[in-house]
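The values are calculated or read from the model by the stated rules, or taken from the named source; none is laboratory data. Just so it is clear, the model here is predicted, and its values are computed rather than measured. Here the Cβ positions follow ideal geometry from the backbone for every residue, glycine too, while neighbour counts run over all protein chains shown. Side chains included, ligands, DNA and RNA excluded: accessible areas come from the protein's heavy atoms. Shrake-Rupley method; radii C 1.70, N 1.55, O 1.52, S 1.80 Å.
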Amino acid sequence: MKKIKEHRELVFSLLCGALLLGAWLYEVMGDPEQVRPIPVYLLAYFFGGYDAFRHMIYSLRRKQFDIDFLMLVAAAGAAMLGAWAEGALLLFLFSLGHALENYAMGRARKAIRALSELAPTVARIRDGDSEKEVPVEELGPGDVLVVRPGERFPSDGFVISGRSSVDQSPITGESVPVDKEPVPSREEARENKDRLSAEYRIFAGTINGDSLMEVEVLSRAEDSTLARVIRMVNEAETQKSPTQRFAERFEKVFVPVILVFVALLHFAWLVIDEPFGDSFYRAMAVLVAASPCALAISTPSAILSGVARAARLGVLVKGGRPLEQLGGLRALAFDKTGTLTEGTPKVTDVIPLNGRDAAGLMKIAMAVEKFSDHPLARAVVRGGGEWTDGQAPLTATDIKMVTGKGITGTVGGKRVAIGQMKLFDGSIPDDIRARLDDLHEQGRTAMLVQEEEEFAGIIALMDIPRPDALGVIRALRDMGIARLIMISGDHQRVADSIGAQIGVDESWGDLLPEHKVDAIRKLLDEENEVAMVGDGVNDAPAMAHATVGIAMGAAGSDVALETADVALMADDLTKLPVALGLSRQTRKIIRQNIFISLGMIAFLVPFVLFGYAGIGIAVLLHEGSTLVVVLNALRLLGYEHPAIQLESASLTMATASS
């Protein structure tokens, strides 16, 4: 019964067709003098026009004339002429076409709904020394999941016991399983859940490998990354692309114009020598031929298929606008740290000044930098132990962040400032400035450490390019991207060095966060449209100002999922050409669909108007074009992007770095 209800439109259409066939055979094979089977045709009209009538009433209540209205008027006109068979044929093919469209469109929606089936409905949790099963909806932060080999993880969390490889492809699109291991500290993992490394983090819906694992839950089921992705992909259906908005505006004007034109055609018998019935029949046939069914479905079907396919590839696209606009861009701006580079810089040089030693300098720096979330600060804290010989850490107070410049604090009663040259307002001696320039020439990022009014030393770090960055840049250039710009808060010479290794067209350095917004505005003035690729957190303002904001590694990041128009779920730069290629294929299919739909109207209207075809032929060609448009859009569900060649890029980059 449920199946029949789900496919009612198809069932009613087939009943209409069966009744039409029976009545037609009765007329063709019977006595010409026998009574016509009008009741059978009326039943065919009922089943064929049921759904169209419901849709028409809904539209009329909103004071709109739509395609269903046109079709029902044409069918009623055929009945008035006594052409019951042609009217029933019109409703049969129209309802059958819509039923098959909905079935085809349902395939795209099914690809989206399949995401919601990834997470299990029951979870196994640790209960003292034993285990118990609970509904996933009852899970909360702090619960400990027990997940056996081959099982799906029911919630987001972090590993506390066991080592295994996890298939994350349902969420991030990564084709290779990711190795997972327990976090060093559960307390720190809870406090820094948004910055958990990939080897510790678990996502709902992913699949455990070959070892039992215990995972501490980070969020409720409805707040998991998977749940958020499902909500956003579903919401994406309602966000219309520029072409879709154009088609809807066109339809609102076109349908009334056609109604007026058809009304005028009814009076053709006053101008040309023909019976009123012939003029009326021609008007009804033109009404069918001019109905923009294919145009109405051409863009939504492509957008829905594109969004569904993107989600399966680990790319979250928030609606038709970014999906369509991304493919038309010719300029891309990248944040440097964590996007084109690995984002995990390492301390390469510690240069004490004015009588300090390296260990003392690093102890001061580590005490202050541990309060900062900046990647360079974390690198100092992470790598500082190599320089302090295990000495006890110092304590810093009065911490103040200086956005885009550095950080200050008090250590041992003395004021300490750590940051780039611009933090110190030109008070740097020439000999220290020369050392900084030399480090910048080598592609290093250098930070000055000042204690009271005296410079205590220099700490230099280096963030190397991603191994796949050069290959991705080449792929983007091969796809026709004319300008590839890297923007960075690092010194201009550092930006130039990294940019040269990666192969971008331009490198803009020395940019504070607000300057990155200005850089995007400048690019918009020059290029009209530009995409900004970043991590979705520090780059959120610049991404918001870009035509399309693209966030890297968005899985598990609430900020990235909320701020970006396109979110690459994995921290994988190669997903960028995939997103761009899918967008371009979507644009191509939309253009093809628009051409097919408008082309059929342009061909069919004069063809019918001058009497070369009747309602039957008009319906066949009209509904045929609608199905062609939908099937063409469904090709996006099988989209595959060509593999990006990365081996030579890695070798080139390694050579450049050395």
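The strands (runs of 3 or more DSSP E) found entirely in region 441-494 that carry 1 or more residues being within 20 Å of D335 (Cα to Cα) and basic (K, R) are 483-487.
Taking the criterion of being in a helix (DSSP H, G or I) and open to solvent by 80 Å² or more (accessible area, probe 1.4 Å), the residues of region 519-544 that qualify are R521, K522, D525, E526. Condition (residue is aliphatic (A, V, I, L, M) and modelled with pLDDT under 85) applied to region 199-218: is it met by at least one residue? Checked against the condition, which is being aliphatic (A, V, I, L, M) and modelled with pLDDT under 85, region 199-218 yields no hits at all. Considering region 396-413, the residues that are touching a residue at least 40 places away in the same chain (Cβ under 8 Å) and β-branched (V, I, T) include one that is surrounded by the fewest Cβ atoms within 10 Å (Cβ to Cβ), namely T403.
Here is a check on your reading of the model: is G385 over 24 Å from D194 (Cβ atoms) and surrounded by fewer than 20 Cβ atoms within 10 Å (Cβ to Cβ)? So G385 fits the description; yes.
Total residues in region 414-425 satisfying the condition of being without any contact (Cβ under 8 Å) to a residue 40 or more places away in the chain and either open to solvent by 60 Å² or more (accessible area, probe 1.4 Å) or among the polar types (S, T, N, Q) (or both): the figure is 3. Here F610 clears all of (1) crowded, with 20+ Cβ neighbours inside 10 Å; (2) modelled with pLDDT under 90; (3) under 30 Å from L20 (Cβ atoms) except the condition numbered (1). Take A296 and tell me if it is open to solvent by less than 10 Å² (accessible area, probe 1.4 Å) and closer than 19 Å to L72 by Cβ. So A296 does not fit the description; no. In region 442-459 there is at least one residue matching the filter, namely being at pLDDT below 85, at positive phi and surrounded by 21 or more Cβ atoms within 10 Å (Cβ to Cβ). Take L70 and decide whether it is surrounded by fewer than 21 Cβ atoms within 10 Å (Cβ to Cβ), in contact with a helix residue (DSSP H, G or I) (Cβ under 7 Å, 6 or more places away or on another chain) and over 17 Å from G22 (Cα atoms). In short, no. Scan region 117-134 for residues that are assigned to a strand (DSSP E or B) and either open to solvent by 30 Å² or more (accessible area, probe 1.4 Å) or touching a Cys at 6+ places or on another chain (Cβ under 7 Å) (or both) and report the count. Residues flagged as assigned to a strand (DSSP E or B) and either open to solvent by 30 Å² or more (accessible area, probe 1.4 Å) or touching a Cys at 6+ places or on another chain (Cβ under 7 Å) (or both) within region 117-134 amount to 8. For region 177-201, a tally of residues being in a loop (DSSP other than H, G, I, E, B) and either touching a residue at least 12 places away in the same chain (Cβ under 8 Å) or open to solvent by 100 Å² or more (accessible area, probe 1.4 Å) (or both) returns 9. Take the conditions under 23 Å from the mean Cα position of the chain (by Cα), part of a helix (DSSP H, G or I), closer than 15 Å to I596 by Cβ and small (G, A, S) and apply them to S305. Does it pass? Taking the combined requirement at face value, the residue does not satisfy it. In this structure, P141 does not qualify as open to solvent by 70 Å² or more (accessible area, probe 1.4 Å), in a loop (DSSP other than H, G, I, E, B), without any contact (Cβ under 8 Å) to a residue 12 or more places away in the chain and over 23 Å from E117 (Cβ atoms).
Among the criteria (1) free of Cβ contacts under 8 Å to residues at least 60 places away in the same chain; (2) touching a Lys or Arg at 6+ places or on another chain (Cβ under 9 Å); (3) of a type in the set (A, V, I, L, M, F, W, C), the one V380 does not fulfil is (1). Within region 15-34, does at least one residue satisfy the condition of being assigned to a helix (DSSP H, G or I) and under 13 Å from H98 (Cβ atoms)? Yes, there is a match, as at least one residue in region 15-34 is assigned to a helix (DSSP H, G or I) and under 13 Å from H98 (Cβ atoms).
Among the residues that make up region 264-284, is at least one of them touching a helix residue (DSSP H, G or I) at 6+ places or on another chain (Cβ under 6 Å), at pLDDT below 85 and over 21 Å from G77 (Cα atoms)? Checked region 264-284: no residue is touching a helix residue (DSSP H, G or I) at 6+ places or on another chain (Cβ under 6 Å), at pLDDT below 85 and over 21 Å from G77 (Cα atoms).
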